[in-house]
Amino acid sequence: MKARASAVLPRLFLALLLVGGLGLVWRYHAFAEPHRLHDVLVSEPLAPAIFIAAHIIGSLFFVPRTVFVVAAGLIWGLWWGLCLSL
């Protein structure tokens, strides 16, 4: 019985985490609008440094670099996005 309970707990935790995340998305969905998110990122002076840090951390956890390159291009335009992605 203990082995079965230990197998269920991680799944239950992940399910609760997923439900909580969906609740947060539903609550703050207005912030996730693309034009609003773009305005916040462009106006923040530390956004490029935070992006580079996220890029490095994402590379350590095997997140595809393509995701970061496309995001940088969409946020800062072709040339600045390319510079930040190198």
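General observations
- For the chain, built as a Gaussian network whose Cα springs stay under 10 Å, the top-fluctuating residue of His29, His55, His38: His29
- Per residue value of the accessible surface for the stretch 1-73 (all protein chains in place, 1.4 Å probe), Å²: 86
- Spin-label model, Leu60/His38: points 7 Å from Cα along the beta carbon direction are separated by 3.2 nm.
- At q = 0.14, 0.15, 0.26 Å⁻¹ the log10 of I(q)/I(0) for the chain amounts to -0.69, -0.75, -1.18, computed by Debye summation with a single uniform scatterer per C-alpha, solvent ignored.
- When a 1.4 Å probe is rolled over the protein heavy atoms, the share of accessible surface on the stretch 43-86 that falls to carbon and sulfur comes to 82 percent.
- The chain: DSSP helices with Cα axial extent of at least 27 Å and average Kyte-Doolittle hydropathy no lower than -1.0: 2-27
The values are calculated or read from the model by the stated rules, or taken from the named source; none is laboratory data. All of these numbers come straight from a predicted model, not from anything done at the bench. Virtual Cβ from ideal backbone geometry, glycine too; neighbours counted across all protein chains shown. For the accessible areas, the whole protein counts, side chains as well, though only heavy atoms, and no ligand, DNA or RNA atoms are used. Shrake-Rupley method; radii C 1.70, N 1.55, O 1.52, S 1.80 Å.
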